[in-house]
Amino acid sequence: MGYNIYKYRNVGERVFVMAKGTPTYVLNLKLETEPFQDHILDKRFEIGKKLYNSVLNVAQKRYCEMVKTKSWRENQKNIAGVYKSEKDPNEAKMLCRPYFKIRKDLLKKHGCTEYSLHEVVKTMQHHYKKNMDSYTCQKIASRAWTALDKVLFGDGEKLHFKKYSEGLNSLEGKSNASGIRYKLDSHTLKWNGLVIRVQRRLNDYEIEALRDKVKFCRIVRRFARGKFKYVLQLVLEGVPPLKIEKGTGRIKNDIGIGDCGIDIGTQTAAYTTDYDVKLLELAQRVQNIENEKRRLLRYMDRSKRATNPDNFNKDGTIKKGVKLEWNFSIKYIKARNVLKDLYRKQADIRRQDHNILANEIISQCDTVKVETMCFKGLHKRAKETKNSETTGKFIRKKRFGKSIANKAPSLFLTILKRKLGARGGLYFEVDTYNVKASQYNHLNEEYNEKKLSQRWNFFEYKENKIKVQRDIYSSYLIKNVKKDLKTIDNEICVKGFEKFLKMHNREIDRLSALKNLSSIGV
């Protein structure tokens, strides 16, 4: 969504308050391409990749020359010194304003701005006038600027070029007036002499969506079953239409009323609402593809080593410091295409499962509270090398990289946040460091540290000893966090604990009959 919503949804109607810009959503429609149109689109995507790499190459050269200058290094050193000495980020930002102005002038002087890259691509575009329009080329240059911007101001380490076997998977325009255009009267896509029919069978949702204004169009290609298939994405102005169930006339996936607390993990998500408690494995169907992927990767590695024996050292590692030429067999290329298709299927299944779970949660609440999590830090290997005290062997440095890649918990939260915003709900991230939901006991108001392997909390409640699953209990505490998002409301926890226990025990009975992940502990 291209807007921020900061008010509750009124019962019976959808109220959207926009803090910035206009509301925007995307409609996907298949393109009914002919074989000759596929060839033209393939050619244009290849041109788009070459333009992107060429612009990025210019940007990299300009960036390298700029960072060598004494003025840039001194200015960056001054900015770093202010942020080290000043703890308050807002105050540090105020003190750094003159340095930011110097940095902005240096970027402009060395041509490291978005509009300077537009000028670069303008000269390149003349060679491809028959295939690429100026607006599409400008968007390619903007994409190169985004990559450079991450290196300059974000967490990017270096610029990455598109490889020969890869390429751009989307091309877009800047408006629906020229370049890539959708024509409603003929229901076709028009782009530099190319006219492609858009899917003819439309459901009620798609018909309703096409009444909104088209901001711009985007062509997306997806590799499926050995070939590229093309999809037209219409970026529409407005809010998505309501989906109505046929026969009943009820609104599909309508939003509920109440609060929800979510304890998100690397592979699981526990949530507590006023009506239900659940502990679920994220994207459960994704794991079914892993075994087939592993077999394919092993075969591809054997094939690559057999056809390129001179590219490997005696110990099996790839040679470094020299430019290597790779030869791949026909069977290897076929296996690589099958692997691409598996990755696509896995991504589609993962996104579908996340959408289903998000809809399930939203149907029970209009306010969601989630702990802040740094998934990027969790998937990295440990830096320190440690030995086990009992065995004396090295402790594995592996962390949660594979499980995060398969389950994509961050993607689930992104989908949940987007769906809540589209329905007028609220999404809050509570302060993990201050709340400490996994350590807190609301019955005695104490914090007790626990090992990650301890999946149960043992309490004394009404002169009886009870045990509560750790993740589910954390979600209950997160649900009852106060408005400051830093402290737990103990009174509400005590008041609703009896009802929570009943729902908790019912969920544990359900999980006991299933084969669960070891991290669930049931």
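Count the lysine pairs in region 417-477 whose Cα atoms lie under 17 Å apart, taking only pairs 8 or more positions apart in sequence or on different chains.
Number of lysine pairs found: 4.
From the square roots a ≥ b ≥ c of the eigenvalues of the alpha-carbon gyration tensor of region 70-150, which class results: rounded (a/c under 1.5), prolate (a/b over b/c), or oblate?
It comes out prolate by the Cα gyration axes.
Would you mind checking the tilt of helix 35-68 against the longest principal axis of the Cα atoms of the chain, expressed as 0 to 90 degrees and rounded to 10?
Taking the Cα atoms of the chain, the angle to 35-68 is about 80 degrees.
Considering only protein heavy atoms and a probe of 1.4 Å, how much of the accessible area of the chain is carbon and sulfur, as a whole percent?
Details: 15860 of 31440 Å².
Carbon and sulfur atoms account for 50 percent of the accessible area of the chain.
Could you give the dipole magnitude of the chain about its Cα centre, charging the beta-carbon of Lys and Arg +1 and that of Asp and Glu -1, in debye to the nearest 20?
It works out to roughly 2540 debye.
Which cysteines does the chain leave without a neighbouring Cys Cβ under 4.7 Å?
Here C64, C96, C112, C137, C217, C374, C493 come out as lacking a disulfide-compatible partner, given the Cβ-Cβ threshold of under 4.7 Å.
Taking the Cα centre of region 186-289 as origin and charging only Cβ (+1 Lys, Arg; -1 Asp, Glu), how large is the dipole, in debye to the nearest 20?
Value, rounded to 20: 1180 debye.
Tell me which trypsin sites (Lys or Arg not before Pro) from region 23-127 have a DSSP coil assignment and no more than 15 other beta carbons within 10 Å of their own.
Hits after loop and neighbour filter: K87.
Let me have the relative contact order for region 472-522, percent, based on Cα pairs under 8 Å that are six or more residues apart.
So the answer I get is 23 percent.
Using the structure shown, select from K158/K376; K163/K215; K139/K320; K163/K213; K70/K174 the pairs with a Cα to Cα distance greater than 28 angstrom.
With Cα atoms farther than 28 Å apart: K163/K215; K139/K320; K163/K213; K70/K174.
Remind me, relative contact order of the chain in percent, using alpha carbon pairs under 8 angstrom and six or more residues apart?
It comes to 15 percent, rounded to a whole number.
Summing Lys, Arg as +1 and Asp, Glu as -1, what charge do residues with Cβ under 11 Å from the Cβ of L443 carry, L443 excluded? Walk me through the intermediate numbers first.
Values: positive: K462; negative: E445, E446, E460.
Within the 11 Å Cβ shell, the charges total -2.
To check you understand DSSP bridge types, tell me what percent of the beta bridges within the chain (both residues inside) are antiparallel, rounded to 5.
Around 85 percent antiparallel, to the nearest 5.
Nearest 10 degrees, 0 to 90: what angle lies between the long axis of helix 470-479 and the longest principal axis of the chain (Cα atoms)?
It works out to around 80 degrees.
K293 versus T69, label points 7 Å from Cα toward the beta carbon: distance in nm?
That separation, rounded to one decimal, is 4.5 nm.
Normalised by the residues of region 247-332, what does the relative contact order come to in percent, with Cα pairs under 8 Å and at least six apart?
Relative contact order for region 247-332 comes out at 15 percent.
Where Rh is the Kirkwood radius over the Cα pairs of region 394-487, the temperature 37 °C and the viscosity 0.692 mPa s, what D in µm²/s does Stokes-Einstein return?
On the way: Rh = 16.0 Å.
The diffusion coefficient I find is 205 µm²/s.
Using DSSP to call loops (not H, G, I, E or B), can you name the GluC sites (Glu not before Pro) in region 155-242 whose Cβ has at most 16 other Cβ atoms within 10 angstrom?
E157, E166
Mean residue ellipticity at 222 nm from the helices of the chain, using -39,500 (n - 2.57) per DSSP H segment of n ≥ 4 over the full residue count, to the nearest 500 deg cm²/dmol?
My calculation for the chain gives -14000 deg cm²/dmol from helical runs alone.
If I fit a long axis through the Cα atoms of helix 330-362 and take the longest principal axis of the Cα atoms of the chain, what angle between them do I get, 0 to 90°, rounded to 10?
40
How charged is the neighbourhood of E172? Take every other residue with its Cβ under 10 Å from the Cβ of E172, and add Lys/Arg as +1 and Asp/Glu as -1.
+4
Once Lys and Arg get +1 and Asp and Glu get -1 on their Cβ, which of L282, G316, G261 lies farthest toward the positive end of the dipole of region 238-330?
Farthest along the dipole direction, towards plus: G316.
If you take every residue apart from K486 with its C-beta less than 14 Å away from the C-beta of K486, what net charge results, scoring Lys and Arg +1 and Asp and Glu -1?
Value of the local net charge: -1.
Need one word for region 13-121: rounded, prolate or oblate. Basis is the Cα gyration tensor (sqrt eigenvalues a ≥ b ≥ c); a/c below 1.5 gives rounded, then a/b vs b/c decides.
Details: a/c = 3.83, a/b = 1.47, b/c = 2.60.
Oblate is the answer for region 13-121, as a/c is 1.5 or above yet b/c matches or exceeds a/b.
For region 163-205, state which trypsin sites (Lys or Arg not before Pro) are in a DSSP loop and have at most 12 other beta carbons lying within 10 Å of their beta carbon.
Those that pass, being in a loop and sparsely packed, are K163, R200, R201.
Once Rh is set to the Kirkwood radius over Cα pairs, what Stokes-Einstein translational diffusion coefficient, in µm²/s, holds for region 157-237 at a temperature of 25 °C and a viscosity of 0.890 mPa s?
170
Taking Cα atoms of region 210-367, Rg/Rh with Kirkwood Rh, to two decimals?
Reported Rg/Rh (Cα atoms, Kirkwood Rh): 1.13.
The values are calculated or read from the model by the stated rules, or taken from the named source; none is laboratory data. The structure displayed is predicted, hence computed values, not measured ones. Don't worry about glycine lacking a Cβ; one is built from the backbone with ideal geometry, like all the others, and counts go over all protein chains shown. Heads up: the accessible areas ignore ligands, DNA and RNA and are worked out on the full protein's heavy atoms, side chains in. Shrake-Rupley method; radii C 1.70, N 1.55, O 1.52, S 1.80 Å.
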